[in-house]
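The values are calculated or read from the model by the stated rules, or taken from the named source; none is laboratory data. Note that the structure is predicted; figures quoted are calculated from it, not measured. Positions of Cβ are generated from backbone atoms using ideal geometry, with glycine treated the same way; all protein chains shown enter the neighbour counts. Areas reflect the complete protein model, heavy atoms only, side chains present, ligands, DNA and RNA absent. Shrake-Rupley method; radii C 1.70, N 1.55, O 1.52, S 1.80 Å.
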Amino acid sequence: MSEIKISINMLNTNEEIHEENKNLFDEEGIFVINLMSAPGSGKTTILEKLIPKLKQNLNMAVIEGDLYTTKDAERIEAKGVPVVQVNTAGSSYIEGSKVREASLNFDLREIDLIIIENVGSLVSPAEFEIGEDIKLCVLSVTEGNDKPLKYPLMFEKSTAIILNKIDLMQFTDFKEEEFYEDTKLLNDKAKIFQTSCTKNIGIDELSEWILEQVKRKISSHK
């Protein structure tokens, strides 16, 4: 009985923090993306490709989640945007309270977009709201087309899904038709982008879509 009560309290606390974060970002007109994936999907590389395109039109910042290292944050910082590293010390997701702490390192009055690169996992990051406007999920073809049905919550909650490393599809047994069928079964509203960072495929379309989402929020905030 006590274990159930603890779980409920944790969920309630998470929801409260999510609402506080969301209110803070909404007040400043900041669009927030929770970028999620399993380790090795290529989400940091996608972010590196997106930043030069997005920062031409937006003031943006990045909150970089990792278990222990600062390697990804160093890569993002080299792209010329403000970045704060959040080390979770073993936890497989970034807590909402850590997002709040990290965001206060930025001048929020000057920021249009915050991208939170969550810890690599297909499970925990999807379970917790952290103040974001949308969730984006990255799946690489090398992971297999069965992941939507094996980890449904991630795909159910994502506004858009990035199918990455499509240049390698011919070298895998990835079944593209099954992937689309399974994804649409779980979330028929999700937009799907196919990308390859090495071939620079789909990055322009993805950046344009993100820019559109951000500008829509900025316009509504005025």
Does at least one position in segment 154-164 carry a residue that is crowded, with 21+ Cβ neighbours inside 10 Å, in a loop (DSSP other than H, G, I, E, B) and within 17 Å of the chain's Cα centre (by Cα)? yes
Residues that are in a loop (DSSP other than H, G, I, E, B) and either more than 20 Å from Phe155 (Cα to Cα) or open to solvent by less than 30 Å² (accessible area, probe 1.4 Å) (or both), drawn from segment 176-222: Asn187, Ala190, Thr195, Cys197, Thr198, Lys199, Asn200, Gly202, Lys222
Test result for Glu143, of a type in the set (Asp, Glu) and open to solvent by 70 Å² or more (accessible area, probe 1.4 Å): no
Of the criteria (1) open to solvent by less than 60 Å² (accessible area, probe 1.4 Å); (2) modelled with pLDDT under 90, which one Thr13 fails: (1)
Return a yes/no flag: does segment 136-144 have any residue that is more than 17 Å from the chain's Cα centre (by Cα), part of a loop (DSSP other than H, G, I, E, B) and under 27 Å from Glu205 (Cα atoms). yes
Give the residue that is surrounded by the most Cβ atoms within 10 Å (Cβ to Cβ), with candidates limited to residues of segment 94-113 that are among the basic types (Lys, Arg) and within 24 Å of Ser124 (Cβ to Cβ). Lys98
Listed by first then second residue, the pairs whose first member lies in segment 171-199 and is at positive phi, whose partner is buried (at least 19 other Cβ atoms within 10 Å of the Cβ), with beta carbons under 8 Å and at least 6 positions apart or on separate chains, are none
Taking segment 61-100 on its own, how many of its residues are of a type in the set (Gly, Ala, Ser) and within 18 Å of the chain's Cα centre (by Cα)? 7
Every residue in segment 77-103 that is charged (D, E, K, R) and in contact (Cβ under 8 Å) with a residue 40 or more places away in the chain, please. Glu95, Arg100
Being buried (at least 16 other Cβ atoms within 10 Å of the Cβ), in contact with a Phe, Trp or Tyr (Cβ under 6 Å, 6 or more places away or on another chain), farther than 17 Å from Lys22 by Cα and among the hydrophobic types (A, V, I, L, M, F, W, C): is that true of Ile76 here? no
Tell me yes or no: at least one residue of segment 101-111 is under 18 Å from Ser158 (Cα atoms) and either within 16 Å of the chain's Cα centre (by Cα) or not hydroxyl-bearing (Ser, Thr, Tyr) (or both). no
